[in-house]
1. Of everything in region 84-128, what is outside any helix (DSSP H, G or I), of a type in the set (A, V, I, L, M) and in contact with a helix residue (DSSP H, G or I) (Cβ under 6 Å, 6 or more places away or on another chain)? Give them in sequence order.
2. Considering only region 275-298, state which residues are buried (at least 19 other Cβ atoms within 10 Å of the Cβ), more than 16 Å from the chain's Cα centre (by Cα) and of a type outside the set (D, E, K, R).
3. Taking residue 394 and the conditions (1) more than 30 Å from residue 330 (Cα to Cα); (2) of a type in the set (D, E, K, R); (3) in contact with a His (Cβ under 7 Å, 6 or more places away or on another chain), which numbered condition does it fall short on, given that it satisfies the others?
4. Give all pairs with beta carbons closer than 6 Å in which a residue from region 161-177 that is under 15 Å from residue 100 (Cβ atoms) and in contact (Cβ under 8 Å) with a residue 24 or more places away in the chain meets a residue that is assigned to a helix (DSSP H, G or I) and hydrophobic (A, V, I, L, M, F, W, C); count only pairs at least 6 apart in sequence or on separate chains.
5. Suppose the filter is among the polar types (S, T, N, Q) and surrounded by 21 or more Cβ atoms within 10 Å (Cβ to Cβ); does residue 254 pass it?
6. Between residues in region 28-55 that are touching a residue at least 40 places away in the same chain (Cβ under 8 Å) and buried (at least 22 other Cβ atoms within 10 Å of the Cβ) and residues that are assigned to a loop (DSSP other than H, G, I, E, B) and β-branched (Val, Ile, Thr), which pairs lie under 9 Å by C-beta distance while being six or more apart or on different chains?
7. What pairs come up if the first residue lies in region 261-275 and is within 14 Å of residue 368 (Cβ to Cβ) and touching a residue at least 60 places away in the same chain (Cβ under 8 Å), the second is in a helix (DSSP H, G or I) and of a type in the set (Asp, Glu), and their beta carbons are under 9 Å apart, counting only those six or more places apart or on different chains?
8. Based on what the data block shows, is residue 396 in contact (Cβ under 8 Å) with a residue 24 or more places away in the chain, among the hydrophobic types (A, V, I, L, M, F, W, C) and in contact with a Gly (Cβ under 9 Å, 6 or more places away or on another chain)?
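The values are calculated or read from the model by the stated rules, or taken from the named source; none is laboratory data. All values derive from a computational prediction rather than experimental measurement. All Cβ positions, glycine included, derive from the backbone under ideal geometry; neighbour counts span all protein chains shown.
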Amino acid sequence: MTASDTQKSLLQRIFSKRMLLCIFLGFSSGLPFYFLFNLVSAWLKDEGINISTIGAFSLLTLPYAWKFVWAPALDLFFVKKIGRRRTWMFLTQTVLLICLALMGLCSPKIDFHLYLIMILYFMVAFFSATQDVAIDAFRREILDDEELGLGNSIFVNAYRFAGLVPGTLSLYMSDRMPWSITIILTAMFMFVGLGTTFMIREAECQVSTRTLKESVVEPLKEFIGRKGVWSFLSMLLFIFLYKFGDNMATALATPFYMDMGYTKSVIGTVNKGVGFWALLAGSIIGGIIMLKIGINKALWLFGLAQIVTILGFVFITHVWQNQGEFVDILASADGFINGIAGNIGITWFRSDLASGFEFPNTLLLSLVISGENLGAGLGTACFVAYMCRETKGKYIATQLALLTALSALPRTLCTSRAGYIINSVGYENFFIICYALAIPGMLMLIYIAPYGDESGKKAAESVSG
């Protein structure tokens, strides 16, 4: 039998049932996350809550970072007739639907309601993180090793696509209807996840006899035994640092755009509309490229693109705060271009960039956000594939939960302090700091994933075998 007879074609991989499940489950995972980080921040900003308080709200999302603590419980306790993963997916998706809808009945301007919003915010974070544990484990179990790059790329795209609902549609609706109706309608999209969970089937599972202690200790022992203490700790540090700068730069993006004078409709259209397609391109292209070059090289190339695009935020902030200076630069460019055109006899063309520029400028925002999302899409695709590659066997749920939780910790810490940093140093210096904080994660690739070394791919194959 030839290799072509034993290998699935690229098209078969892309359009398989497993990839379709990655789409719908990715949407279900992403919706509550973007609800918290995009819609709630815009809601609070629109209701007059200061940016430091908005940033501090992110401390309530710590369940995303600590979900590995209760991840073993998802392996131990479940309804056998429903299935190990489906039990928790049903439970979490139902609670999320209720909590999201209840948030729409509150008003941030009322102190008591603000406390209720905080409680619901925490509950959404907790059950969303728990849903992620179940879905991540289910996804890892249905994907073959060679499908991890593409499958996780599609999952990440669907996760991000879910952001179009609270980040685009809901913001657009909030300019035209009360926030209460907007939030309740947004919550209804959780039925996508519930419907998918109802329709899927999983293999019959045996009831585990392991204790919670064994479920926690054994996965960590396997991890450390397989990689060694130094490699294990280095991997954890790398996961913490790789997207640190990018996470910090986008931590309070929506309030930042609102401060620059953009309307919620424009923010929704550009930030999650135009930007999403750049993100989609980056993630899908990244997943396909990983099939060719492997995860190690992708971590280098895509990580570099990810940190360079942070400079776009520095640029747009400088333009916003120095509009007269930027118009002068455009006027000089007009003179230079028109001078060249005149010298070569082109009389029908005249550059007039300066007089046509005004801020807030939608085109400028579109370019900056598209660049950042392209870099983020590439970086996230290889990053998720790397974490999945490091998990093994029956400990997948706990190990993957540990890694994904650790990767979420920087966003929580960044967002909680970002408001205070912005108030202290201003937006432009804040984004410069974000760029600097993205460099250590890239430097760690020298040890974690040497550019020309494909041993990581071989190791993954040997582990799965």
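1. Of region 84-128, the ones outside any helix (DSSP H, G or I) are 104-110.
Filter once more, so that each one left must be of a type in the set (A, V, I, L, M): 105, 110.
None - no residue of region 84-128 is outside any helix (DSSP H, G or I), of a type in the set (A, V, I, L, M) and in contact with a helix residue (DSSP H, G or I) (Cβ under 6 Å, 6 or more places away or on another chain), so the list stays empty.
2. 289, 290, 294, 295, 296, 298, listed by residue number.
3. Just one mismatch for residue 394, condition (3).
4. These pairs meet every condition: 162/27; 162/31; 165/189; 166/35; 166/39; 170/39.
5. Values: among the polar types (S, T, N, Q): yes; surrounded by 21 or more Cβ atoms within 10 Å (Cβ to Cβ): yes.
So residue 254 passes the test.
6. Taking only residues 6 or more apart or on different chains, the pairs are 37/250; 43/49.
7. Note: pairs meeting the criteria are 275/372.
8. Working: in contact (Cβ under 8 Å) with a residue 24 or more places away in the chain: yes; among the hydrophobic types (A, V, I, L, M, F, W, C): yes; in contact with a Gly (Cβ under 9 Å, 6 or more places away or on another chain): no.
Answer is no for this residue.
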